[in-house]
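Here's the structure we're looking at; comments come further down.
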Amino acid sequence: MTKPSQEQDKIAELSAHFSGVLLCPGDAEYDKARRLHNGMIDKRPTLIARCLGTADVTDAVNFARANGLEIAVRGGGHNVSGRAVCDGGLMIDLSLMRGIHIDRARRTARAQGGVTWREFNRETQLSGLATTGGAISTTGIAGLTLGGGLGWLMGMYGLAADNLVGAEVVTAAGDVVRSSNDENADLFWGLRGGGGNFGVVSWFEYQLHPIGLVTSGLIAYPFERARDMLKLYREATTSLPDELTLFAALLHAPDGSGVRLAVITACHCGSPGEAVSALQPIKKFGSPVIDTIGPTSYEATNTMLDAGFPRGALNYWKSSFLEGLSDAAIETLAARFSVCPSPLSGLVLEHFHGAATRVGVSETAIPHRREGYNLLVVSEWLDPGDNARNIAWARESYDAMRPWLASGRYANYLSDDDGEDAGQAAYGPNYPRLRVLKTKYDPTNLFHLNQNIRPGS
Ligand SMILES: Cc1cc2nc3c(=O)[nH]c(=O)nc-3n(C[C@H](O)[C@H](O)[C@H](O)COP(=O)(O)OP(=O)(O)OC[C@H]3O[C@@H](n4cnc5c(N)ncnc54)[C@H](O)[C@@H]3O)c2cc1C
């Protein structure tokens with residue numbers, strides 16, 4: 001920005017009409033507000049604009065543009081790459097924007113950009129409704145939906161982005177634009193997978209579905225059975241009903257003992273009777289050390305894994321879709337997990353099928369519509385002294401899986417050091433169209449702290 005005194009004058013000018021809170025270094029809440037889910041991220045913006053509504057977002061965008069400030073946008077603050085904050089520049093923080101309105105008759109929900117899935121589900125479940133959200137309740141609806149959004153209900157109802165029916169966006173020019181299939185439809189296409197590239201989304205509107213009790217939980221076997229359990233998982237996922245979404249993971253026991261486990265997590269959103277028969281092959285596999293699979297609320301399902309992802313833990317993730325899950329790939333996963341250095345880390349397989357895979361590659365901006373597996377190497381630890389060891393384990397594990405990696409990568413899991421090619425891998429054949437859209441809505445790349453799409457044709 002300019003000299004400190006001029007800087008103060010400009011901030012005072014902004015604060016004269018700003019409804020939310022403006023924080024500068026030294027302010028009491030500043031340090032708390034700049035921190036994200038990933039404790040590795042330690043950046044210091046010149047100004048944090050904690051917006052209360054769309055008018056504040058508009059003022060913040062205009063202020064940054066007029067003063068040549070870099071912009072970072074914070075929704076839920078969960079992205080591991082830490083792009084929701086910047087050094088210098090303006091952090092547009094939506095975490096005070098938590099309004100949610102449910103329209104029971106239309107079965108839709110409107111939610112502001114700072115809402116998390118926990119808050120969203122609490123409100124929708126009051127009406128016996130839900131939509132596809134993240135597997136963890138503390139994740140923000142904003143970043144997750146804009147990047148695609150996979151979760152427990154995706155086999156039945158598609159990705160979170162597939163359930164988006166409208167959005168309100170503050171563009172780089174500071175205009176407030178509504179977007180849906182009927183209004184600015186080009187933008188609406190891009191919002192469903194193109195990340196935060198086209199503006200700040202102040203409101204999201206979702207289609208909801210009747211979801212009451214589901215059958216969900218996790219079943220865990222001793223690590224010695226990991227290879228057989230992953231083969232069972234491969235077999236089970238060849239013929240899943242839409243209602244059933246299954247993830248598999250090599251994880252440590254949740255009691256902190258460090259015991260290694262092979263785990264399947266499940267959510268069946270159909271009738272309890274159908275769930276029992278669909279889950280039978282998994283239930284009868286052997287003698288589990290933990291089995292929590294049973295009828296429960298969707299809201300509870302969304303929190304069942306939360307404890308494994310404490311806020312402030314140090315995170316470094318690697319991820320890619322897989323070409324398949326061969327015996328050799330399974331062997332490699334087991335071998336890599338056997339040398340995993342942190343009890344919070346794990347290797348996760350997320351299976352795509354059903355409604356999420358019946359959408360055309362170019363129907364929305366997110367192109368990953370093939371049935372199959374996404375690999376997520378979750379490296380998570382608590383002591384900064386262990387950074388090098390845990391980052392190395394993630395990189396080496398990812399490298400060991402290279403023979404089975406597909407070309408596609410999920411934008412929401414990419415790290416800062418994944419490089420330029422990762423953007424291509426995330427957007428696939430939709431990248432050229434996304435660049436044209438970026439040129440229309442953000443020609444100077446004002447919004448670039450994201451899985452960036454370069455303006456151009
Ligand atoms: C513990 C954990 C569990 C996860 N589980 C899942 C899961 O089950 N399924 C899944 O699909 N993903 C999952 N993710 C990944 C998640 O989708 C991404 O990290 C996502 O970016 C988080 O969104 P957020 O709003 O919380 O993040 P933020 O860090 O706030 O934002 C992420 C990106 O989106 C941009 N952005 C945020 N809000 C807006 C907005 N309103 N308008 C425009 N741009 C915005 C930011 O600038 C940034 O580039 C998980 C991540 C973590 C850490």
Keeping all protein chains in place, calculate the accessible area per residue for the range 220-275 (probe 1.4 angstrom), answer in Å².
38 Å²
Specify whether the C-alpha gyration tensor of the range 364-457 places it in the rounded, prolate or oblate class, a ≥ b ≥ c being the square roots of the eigenvalues: rounded for a/c under 1.5, otherwise prolate if a/b is larger than b/c and oblate if not.
oblate
For the range 1-73, give the magnitude of the charge dipole about the Cα centre (Cβ charges: +1 Lys/Arg, -1 Asp/Glu; no others), in debye to the nearest 20.
200 debye
Of T108, S95, N62, which is farthest along the charge dipole of the range 1-127 in the positive direction, counting Lys and Arg as +1 and Asp and Glu as -1 at C-beta?
T108
Sequence gap at least 6, Cα distance under 8 Å: using those rules, report the relative contact order of the range 302-434 to the nearest whole percent.
36 percent
Averaged per residue, what accessible surface does the range 28-133 expose to a 1.4 Å probe, in Å²?
36 Å²
Once R0 is set to 41 Å, what does the formula 1/(1 + (r/R0)^6) return for the Cβ-Cβ distance between R106 and E420, expressed as a FRET efficiency to the nearest 0.05?
0.45
Extended-chain gain in nm, criterion 0.36 nm per residue less alpha-carbon gap, R122 and D228
34.4 nm
I'd like the carbon and sulfur percentage of the solvent accessible area for the chain, probe radius 1.4 Å, heavy atoms only, ligands and nucleic acids excluded.
51 percent
Let me check something: with ligands and nucleic acids excluded, how do K284, K43 order by accessible area (1.4 Å probe), largest to smallest?
K284, K43
Computed over the range 210-365, the relative contact order (Cα-Cα under 8 Å, seq sep at least six) in percent reads 36 percent
Computed over the range 220-346, the convex hull of the Cα set has an average projected area, in nm², of 8.5 nm²
For the chain, the longest principal axis of the Cα atoms and the Cα long axis of helix 272-283 enclose an angle in degrees, to the nearest 10, of 70 degrees
What helix-only [θ] at 222 nm does the chain give? Using -39500 (n - 2.57) per DSSP H run of at least 4, over all residues, to the nearest 500, the answer is -8000 deg cm²/dmol
For Cα pairs less than 8 Å apart in space and 6+ apart in sequence, what is the mean separation divided by the residue count of the chain, i.e. the relative contact order in percent?
16 percent
What pairs in K318/K440; K231/K318; K43/K318 have C-alpha atoms more than 30 Å from each other?
K318/K440
Could you list the trypsin sites (Lys or Arg not before Pro) in the range 78-133 that lie in coil according to DSSP, counting only those with at most 15 other Cβ atoms within 10 Å of their Cβ?
R98, R104, R106
For the range 223-374, with the dipole built from +1 on Lys and Arg beta-carbon atoms and -1 on Asp and Glu ones, taken about the Cα centre, which of G294, S342, L250 lies farthest toward the positive end?
S342
Rank Q451, T357, L14 by how far each Cα sits towards the positive end of the charge dipole of the chain (+1 on Lys, Arg Cβ; -1 on Asp, Glu Cβ) and give me just the farthest.
T357
Cα gyration tensor category, rounded, prolate or oblate, for the range 4-122 with a/c compared to 1.5
oblate
Report the charge-dipole magnitude of the chain in Debye, nearest 20, computed about the Cα centre from +1 at each Lys and Arg Cβ and -1 at each Asp and Glu Cβ.
280 debye
In degrees, nearest 10, range 0 to 90: what is the angle between the Cα axis of helix 226-236 and the longest Cα principal axis of the chain?
80 degrees
Taking a ≥ b ≥ c as the square roots of the eigenvalues of the Cα gyration tensor of the chain, is the shape rounded (a/c under 1.5), prolate (a/b larger than b/c) or oblate?
prolate
Sequence of I100, I11 when ordered by accessible area, the most exposed leading, probe 1.4 angstrom:
I100, I11
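The values are calculated or read from the model by the stated rules, or taken from the named source; none is laboratory data. The structure displayed is predicted, hence computed values, not measured ones. Neighbour counts are summed over all protein chains in view; Cβ atoms, including those assigned to glycine, are modelled from backbone coordinates with ideal geometry. Quick note on the areas: whole protein, heavy atoms, side chains included, nothing else; ligands and nucleic acids left out. Shrake-Rupley method; radii C 1.70, N 1.55, O 1.52, S 1.80 Å.
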